[in-house]
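The values are calculated or read from the model by the stated rules, or taken from the named source; none is laboratory data. Predicted model, so just to flag it, every value in this text is computed and none were measured. Cβ atoms come from the backbone with ideal geometry, glycine included; neighbour counts cover every protein chain shown. Side chains included, ligands, DNA and RNA excluded: accessible areas come from the protein's heavy atoms. Shrake-Rupley method; radii C 1.70, N 1.55, O 1.52, S 1.80 Å.
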Amino acid sequence: MNPIARNLQSIREEIGRAARECGRAPGDVLLLAVSKTFPPETIAEAVRAGQTRFGENRVQEAEGKIPLFGPDPKLEWHLIGHLQSNKARRAAELFDVIHSVDGLKLAARLDQAAGEAGRTLSVLLQADLAGEETKFGATPEEIRALLEAAAGWPNLRVDGLMTIPPFFDDPARSRPYFERLRRLLEELESERPGCLGRRHLSMGMSHDFAEAIREGATIVRVGTAIFGSRA
Ligand SMILES: *Cc1c(COP(=O)(O)O)cnc(C)c1O
């Protein structure tokens, strides 16, 4: 077995283990393979190993990769990196899910572009729970304002929340951020039932996805543990 197939298999096993340990069904956690910086041939290997969901963090890089896979209904492409409004149009054409919606202007641009492309785009609202000036993402109050405005975006479906905690060597230290995101989703859903669509929680990366699953992650974004370290 090639290394990518082997890594995918062991991560799927770890996801299953973490889910079962806390009474969740392994199938409730989606594995997003973060293929940023890796070439199309590497992604194709993962596809051959049965992987269907891929995450990219830059529109420009993705433009050179995603179209090579054609319109394949089995494959799903997720944008996980910061998105500038001026790239919203291209992003709405390339991606199936955008994890990084954090402002009204960006959402409005995505809605318009999705409408023009004749599609409904699934989006997650990115929460900044660390309050770090350098981080992208919306505060809980800004997220409430986004949900207030969401009725005006007929071509977007808000499907949940995403967060990127500060990096800690010890994955246990990420857990309070994952817990905060889960609580935020619960609060928002009780204030406005149905407002978060499929109620996705996109959280957890290579080193801390098991902790994220214990706090309810439904999408884990794993790069290094599948593809190896990035140059
Ligand atoms: C790169 C990236 C990941 C994957 O990180 P790994 O540590 O390689 O698993 C996950 N989420 C986001 C937003 C990223 O930019």
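For R230 and R157, FRET efficiency with R0 = 25 Å and r from the beta-carbon atoms, rounded to 0.05? Don't skip to the end; give the middle numbers.
On the way: r = 31 Å, r/R0 = 1.24.
Once rounded, the FRET efficiency stands at 0.20.
What chymotrypsin sites (Phe, Trp or Tyr not before Pro) in the range 160-231 are in a loop by DSSP, with at most 10 other Cβ atoms within 10 Å of the Cβ? Spell out each step's value before the answer.
Details: sites: F167, F168, Y177, F178, F209, F227; in loops: F167, F168.
Counting only loop positions with at most 10 other Cβ atoms within 10 Å, the chymotrypsin sites (Phe, Trp or Tyr not before Pro) in the range 160-231 are F167.
Length gain on complete extension for the stretch R199 to E41, per 0.36 nm per residue less the alpha carbon to alpha carbon distance?
53.6 nm
Simple spin-label model, 7 Å along Cα-to-Cβ: D96 to E13 in nm?
2.7
To the nearest 0.05, how large is the calculated FRET efficiency for R20 and Q112 if R₀ is 41 Å and r is the Cβ-Cβ distance? Can you show the working numbers first?
On the way: r = 43 Å, r/R0 = 1.05.
Step by step, r from the Cβ atoms, then E = 0.45.
Expected output is a single nm value to one decimal: the length gained when fully extending between M1 and L147, i.e. 0.36 nm times separation in residues minus the C-alpha distance. What is it?
That works out to 48.0 nm of additional length.
Only Lys, Arg, Asp and Glu count, each charged at its Cβ (+1, +1, -1, -1), so figure out the dipole size of the range 137-186 about its Cα centre, rounded to 20 debye.
Approximately 100 debye in magnitude.
Subtracting the Cα-Cα distance from 0.36 nm times the residue separation, let me have the gained length for E63 to T120 in nm, one decimal.
Taking E63 through T120 to full extension adds about 18.6 nm, to one decimal.
How big is the chain in terms of Cα radius of gyration and Dmax, in angstroms?
Here Rg and the maximum Cα pair distance are 16.8, 49 Å.
Can you compute the helix-only [θ] at 222 nm over the chain? Use -39500 (n - 2.57) per DSSP H run of at least 4 residues, normalise by all residues, nearest 500 deg cm²/dmol. Walk me through the numbers before you get to the answer.
Details: 9 runs with 90 residues, N = 231.
Here the helix-only value at 222 nm equals -11500 deg cm²/dmol.
Give me Rg/Rg_expected for the range 187-231, where Rg uses Cα atoms only and Rg_expected = 2.2 N^0.38 Å with N residues.
Values: Rg = 13.9 Å, N = 45, 2.2 N^0.38 = 9.3 Å.
Ratio of Rg to 2.2 N^0.38 Å for the range 187-231: 1.48.
In the chain, which longest range has no trypsin sites (Lys or Arg not before Pro) that are both DSSP loop (not H, G, I, E or B) and surrounded by at most 14 other Cβ atoms within 10 Å?
120-197
Dimensions of the range 1-62 along principal axes (Cα, Å, largest first)?
40, 28, 14
In the range 30-46, which residues have a backbone nitrogen under 13 Å from the label point lying 7 Å from E76's Cα in the Cα-to-Cβ direction?
The answer is 30-33, whose backbone nitrogens lie closer than 13 Å to the label point.
Bin by bin, in steps of 10 Å, what percent of the Cα pairs in the range 84-149 do you find, going until the bin that has the longest distance?
Answer for the range 84-149: a P(r) of 22, 51, 23, 3 percent.
Using only Cα atoms, locate the centre of the range 195-231 and the centre of the range 146-177, then give the distance between them in Å, rounded to an integer.
12
How many lysine pairs in the chain, separated by 8 or more positions in sequence or lying on different chains, have Cα atoms less than 26 Å apart?
Taking the chain as the scope, the lysine pair count is 11.
Among H78, H207, what's the order by accessible area (1.4 angstrom probe), most exposed first?
If we order H78, H207 from most to least accessible, we get H207, H78.
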